Amino acid sequence: MPTDAASLLDARGVDAGYGTMQVLWGVDLDVRPGETVLLLGANGAGKTTFLKSLVGLIEARSGHIRLGGEDITKMRSSDRMKRGMTYMSELAVFPDLSIEENIRVGAQALGHANPGARVDELYSLFPVLRDKRRDPASSLSGGQRKMLGIAKALSAEPKLLVMDEPSAGLSPLFVKEVLRALSSLQGRGLALLIAEQNIGFLEIATRVFVLEGGRIRFSGTVAEMSGNEELHRAYFGLK
Ligand SMILES: Nc1ncnc2c1ncn2[C@@H]1O[C@H](COP(=O)(O)OP(=O)(O)OP(=O)(O)O)[C@@H](O)[C@H]1O
Ligand SMILES: [Mg+2]
């Protein structure tokens, strides 16, 4: 498949795995500037493995990954981050540090020129964090902890935020809160790539990729996905 010139992130034919086990088989996925892409897949489908290969925590064994047109396939993780891609893992915050320390650590580690100003901006996006800024992150609720994880990941003003299961471990109410926070980020030019099993995230997605057994089974818009009878049955229940 030809490379899409309009892509912010463009992964082509990515194979990856652990030791002798191959997990990903020729994965193609692209994200355009400012859009929200959902990577759906069941437990063990290879979502985390793919995200790790994107951000450089494991190496792609073959294929190519481009960010802003530049080949980053062999680049170290910190250099990928400097080019505007941040990763929010499932364990996104340091529990023993205060809320403010967490955000500052994020801004500094990712090389933001003025961490103080950025912290203020993030507090206006997530006011609950300002109220608790001196408390340890461990004192936050699950939903608030995700907000902090998002604030920390945003502290360096990335172009692309890559998130691994932001709904993990959250009750439906907190999932709604996270969805609300993410939708408030949309339209600010930030692109999101979200790996999830929770189809609630289709609400905020522009496009969807479905990963099964380490292979892309479907890619298209949410409407196209829901129009596909087999996928509709698998992910939305019976019609
Ligand atoms: N560090 C590792 N070493 C060896 N095998 C691993 C490792 N991490 C994951 N795997 C295996 O790779 C496969 C894909 O796992 P991965 O974590 O990418 O799936 P996932 O889609 O993120 O699943 P989940 O929804 O449960 O997080 C699984 O078979 C898993 O057992
Ligand atoms: Mg995972």
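The values are calculated or read from the model by the stated rules, or taken from the named source; none is laboratory data. The structure presented is a predicted model; accordingly, all values stated were derived computationally and were not measured. Cβ: placed from backbone, ideal geometry, glycine included. Neighbour counts: every protein chain shown. Quick note on the areas: whole protein, heavy atoms, side chains included, nothing else; ligands and nucleic acids left out. Shrake-Rupley method; radii C 1.70, N 1.55, O 1.52, S 1.80 Å.
Assorted remarks:
- Note on region 28-117: enclosed helices (runs of 4 or more DSSP H) holding 3 or more residues that are under 30 Å from Glu224 (Cβ atoms), open to solvent by less than 60 Å² (accessible area, probe 1.4 Å) and within 16 Å of ligand 1 (Cβ to nearest atom) are 47-55.
- Of all residues in region 1-18, those satisfying the criterion of being at pLDDT below 95 and open to solvent by less than 70 Å² (accessible area, probe 1.4 Å) are Asp4, Ala6, Ser7.
- Residue within region 202-225 that is outside any loop (DSSP other than H, G, I, E, B) and within 24 Å of Leu129 (Cβ to Cβ) present: yes
- Restricting the first member to region 114-130 and to residues that are closer than 21 Å to Arg180 by Cβ, and the second to residues that are not in a helix (DSSP H, G or I), the beta-carbon pairs closer than 8 Å and six or more apart or on different chains are Leu122/Ser155; Tyr123/Arg133.
- Gly169 closer than 21 Å to Leu129 by Cβ, more than 13 Å from the chain's Cα centre (by Cα) and within 16 Å of ligand 1 (Cβ to nearest atom): yes
- Test: residue in region 180-189 that is out of contact with any strand residue (DSSP E or B) (no Cβ under 6 Å at 6 or more places or on another chain), within 16 Å of ligand 2 (Cβ to nearest atom) and open to solvent by less than 10 Å² (accessible area, probe 1.4 Å): no
- When region 121-146 is filtered for residues that are among the polar types (S, T, N, Q) and surrounded by 14 or more Cβ atoms within 10 Å (Cβ to Cβ), only Gln144 remains.
- Single condition Gln197 does not satisfy, out of (1) at pLDDT 95 or above; (2) within 24 Å of Trp25 (Cβ to Cβ): (1)
- Residue match in region 163-171 (condition: in contact with a Ser or Thr (Cβ under 9 Å, 6 or more places away or on another chain), open to solvent by 30 Å² or more (accessible area, probe 1.4 Å) and touching a residue at least 12 places away in the same chain (Cβ under 8 Å)): no
- Hey, Gly149 within 16 Å of ligand 2 (Cβ to nearest atom), within 22 Å of Tyr123 (Cβ to Cβ) and either part of a loop (DSSP other than H, G, I, E, B) or not hydrophobic (A, V, I, L, M, F, W, C) (or both) or not: yes
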